[in-house]
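Visitor: Below is a structure I'd like to ask you about.
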Amino acid sequence: MIVYRGDILTCTPDFKVSRYLAEEGGRIAFVGDTLPAEYAHIPITDLGQKALVPAFADTHLHFASMALFYSGLNLMDVRSNAELKEKFSAFLPTSKAKVVIAFGASPHSVAERKLLSRADLDEVAPDRPATVIKYDGHALIANTKLLEALPPEVAARRGYDADSGELNQEAFFAATDYISSTVAIPDLVQSMQRAMDYMASKGIGLMHSVSGVGFPKDLDVDMERYIGRGASGGFQTRIFFQTMDTDKVMKRKLPRIGGCFATALDGCFGSMDAALSEPYEGTANRGVLYYSDEEVTDFCKRANRLGLQIELHAIGDAAFRQATNALKAALDDFPRKDHRHGIIHACLPTAEGIDICAEYGIQLPVQTSFIVWPQEPDWYLRDILGEREARLNPLRTFADKGIRLSFGSDSPCTDPDPMLWIHNAVNHPVRTEALTVQEALRMATYNGYWTSFDEKERGSLETGKIADMVILSANPYTSPPTSLKDIRPEQLILGGVPYPGQKQSIFAHIVRGLLSKEKI
């Protein structure tokens with residue numbers, strides 16, 4: 001048994017701050033302001049200026065891709081193509097991968113305002129397949145060796161440009177299918193273990209992974225099931241299968257479907273293929289809707305009738321309209337009281353779609369890491385969207401409508417960093433769309449667990465719940481709003497025990513996952 005004394009931020013609906021919390025046998029035995037006599041003999045852990053909060057939840061990330069890309073070269077911080085080439089050259093001899101991967105570069109954050117081409121990458125890597133995957137995870141630059149290695153049908157896909165080496169839209173998805181197929185299973189598992197430990201270092205105890213990126217026979221989905229169930233230390237994984245094939249999901253007895261890629265309704269702003277109702281500024285381009293309204297509606301009706309929880313990727317307003325209309329049609333066709341369907345990103349929503357979300361109980365896993373994002377700076381968004389830029393990510397509008405919001409990193413597109421999510425929500429550049437720190441902390445904790453039906457056991461610090469908690473370096477309620485991003489998660493505690501890390505062997509981890517019946 002352990003007793004904590006200090007600022008206990010419970011994240012209950014009334015935002016209660018308690019003085020004491022007692023943990024016993026992995027659960028919370030007491031929370032309150034006066035410690036009962038029965039606990040008086042227990043040594044007290046004094047938090048001092050620190051704070052105890054529920055473990056964080058990341059409600060949208062691509063776990064297999066994160067694991068794969070984080071084992072490659074991270075280019076998030078490069079600010080010129082010369083620097084990019086220099087880092088790639090230094091990294092190349094250290095990589096044993098069949099396809100050398102660098103990830104995170106943005107044409108909007110390098111001095112040249114465009115990324116290197118196929119020819120430039122050939123200068124750095126003339127003899128091995130290599131790629132630079134853009135920060136948004138929707139486009140890549142391939143060198144000649146990689147283009148030669150790709151299956152011939154990739155060249156026929158929309159978005160294939162052999163001259164520049166840039167592949168986006170369907171060509172990008174097909175290319176990533178090939179790249180994924182070159183990864184050895186032991187390497188993938190080891191990378192997943194490291195990625196899980198990294199998230200834990202940020203105070204995250206639950207992740208919602210959207211899987212089905214193109215590994216052969218949906219290997220990533222199955223590996224995430226085994227790795228998630230076999231995780232040591234109490235780390236929780238919930239999987240959304242990125243497919244419109246409901247049979248695949250039902251076969252694996254998964255309760256959720258959707259995400260991005262095969263269930264993405266549009267692209268993204270970085271590649272100017274997020275679907276808009278009006279063209280991008282100075283162009284005739286309205287982006288891309290990957291499916292017709294009928295296709296999306298039919299899918300939603302089918303999945304909803306099967307009792308599955310649905311999530312759809314929608315960034316532009318045209319895609320948001322399509323998503324809300326399809327989910328509404330599905331729920332009109334087969335009403336369900338507690339479906340918890342969601343729309344991921346919801347960057348540029350419509351007023352009508354917001355009303356549908358409020359009326360039909362559609363939740364939104366949003367990415368506040370996209371706010372004031374170096375990879376996609378405000379000047380760029382203003383250039384392509386005009387006045388619409390000010391209408392991006394309207395958090396207060398959502399909250400005031402009663403829509404349930406949670407935070408997702410969309411990793412590997414952004415780093416899983418809950419305190420940054422909270423910081424950006426509280427310091428929203430459009431002040432009328434900002435949230436309070438109490439609201440933002442509840443989004444990062446309770447709401448995330450609620451999204452996957454985990455709120456009865458986790459997500460808030462209440463008597464009887466599992467003791468999944470984080471010790472923060474400072475109390476976010478009393479810290480200056482502009483310094484929230486500087487607060488550090490100092491220790492993740494899952495089931496009352498400090499998170500130990502994924503130290504078991506690859507074989508033991510997979511076997512444990514195969515035998516486990518843990519929720520996934």
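Visitor: Which peptide among 355-365, 60-70, 312-322, 75-85 comes first, and what is the full order, when sorted by highest mean count of other Cβ atoms within 10 Å? Intermediate values should be presented prior to the final figure.
Guide: Values: 355-365: 20.5, 60-70: 25.9, 312-322: 27.5, 75-85: 17.2.
The most tightly packed comes first, giving 312-322, 60-70, 355-365, 75-85.
Visitor: Let me check against my output: what whole-number percent is the relative contact order of the stretch 11-156, with C-alpha pairs under 8 Å and at least 6 apart? Show your work: numbers first, answer last.
Guide: On the way: 163 pairs, mean separation 22.1, N = 146.
Normalised by residue count, the contact order of the stretch 11-156 is 15 percent.
Visitor: A further question follows. With each pseudo-label sitting 7 Å past Cα toward Cβ, what's the Arg252-Ala508 distance in nm, one decimal?
Guide: 2.6 nm
Visitor: Using only the alpha carbons of the stretch 341-419, determine the length spanned along each of the three principal axes and report them from longest to shortest in whole angstroms.
Guide: Computed over the stretch 341-419, the largest-to-smallest principal extents equal 35, 29, 17 Å.
Visitor: Where does each of Thr263, Thr283, Thr176, Thr350 land when they are ranked from fewest to most other beta-carbon atoms within 10 angstrom? Before the final figure, lay out the partial values.
Guide: Values: Thr263 26, Thr283 9, Thr176 22, Thr350 16.
Exposure proxy ranking, most exposed first: Thr283, Thr350, Thr176, Thr263.
Visitor: Something else now. Tell me, what HN-Hα J-couplings in whole Hz come from the Karplus equation 6.51 cos²θ - 1.76 cosθ + 1.60 at θ = phi - 60° for each residue of the stretch 478-487, using x for Gly and Pro?
Guide: For the stretch 478-487, the Karplus curve yields 10, 7, x, x, 6, 10, 4, 5, 8, 6 Hz.
Visitor: Where does each of Arg256, Arg431 land when they are ranked from fewest to most other beta-carbon atoms within 10 angstrom? Could the numbers behind the result be given before it?
Guide: Values: Arg256 23, Arg431 8.
Placing the least packed residue first, the sequence is Arg431, Arg256.
Visitor: At 222 nm, what value in deg cm²/dmol follows for the chain if DSSP H runs of at least 4 each add -39500 (n - 2.57) and the sum is divided by all its residues, to the nearest 500?
Guide: Values: 17 runs with 167 residues, N = 520.
So the helix-based figure for the chain works out to -9500 deg cm²/dmol.
Visitor: For all pairs of alpha-carbon atoms in the chain, what percent lies in each bin of width 10 Å, listed from the first bin to the last filled one?
Guide: 4, 19, 29, 28, 15, 4, 1, 0
Visitor: Sticking with this structure for a sec: Determine, for Met223, Met196, the number of other Cβ atoms within 10 Å of each Cβ, and report the residues in order from fewest to most.
Guide: Result, fewest neighbours first: Met223, Met196.
Visitor: Could you work out how far the C-alpha centroid of the stretch 82-119 sits from that of the stretch 196-240, in angstrom?
Guide: 27 Å
Visitor: Using mean Cβ contacts within 10 Å as the protection proxy, how do 141-152, 437-448 order, highest first?
Guide: Details: 141-152: 18.6, 437-448: 26.3.
Going by the mean number of other Cβ atoms within 10 Å, highest first, we get 437-448, 141-152.
Visitor: What does the extension gain come out to for Asn285 and Gln491, with contour length at 0.36 nm per residue minus their alpha carbon separation?
Guide: Difference between extended and current length: 69.4 nm.
Visitor: Another question, if that's okay. If I model a spin label as a point 7 Å beyond the Cα along the Cα-Cβ vector, how far apart are those points for Ala37 and Arg305 in nm?
Guide: Going by the 7 Å Cα→Cβ label model, 6.4 nm.
Visitor: State the extension gain, in nm to one decimal, for the chain segment bounded by Phe453 and Asp163, taking 0.36 nm per residue of separation less the distance between their alpha-carbons. The partial results should precede the final answer.
Guide: Details: separation 290, 0.36 × 290 = 104.40 nm, distance 4.82 nm.
Extending this stretch completely gives an extra 99.6 nm.
Visitor: With the crude spin-label approximation of a point 7 Å out along Cα→Cβ, what separation in nm comes out for Asp187 versus Arg336?
Guide: Inter-label distance under the simple model: 3.8 nm.
Visitor: Radius of gyration and Dmax for the stretch 246-447's Cα atoms, expressed in Å?
Guide: 16.3, 48
Visitor: Moving on. Using Cα atoms only, what is the angle between the long axis of helix 293-305 and the major principal axis of the chain, expressed in degrees (0 to 90) to the nearest 10?
Guide: For 293-305 against the chain, the angle is about 30 degrees.
Bear in mind that the values in this text are calculations on the coordinates, not laboratory data. Since this is a predicted model, take the numbers as computed values, not measurements. Because the Cβ atoms are built from the backbone with ideal geometry, glycine has one as well, and the counts that use them run over all protein chains shown.
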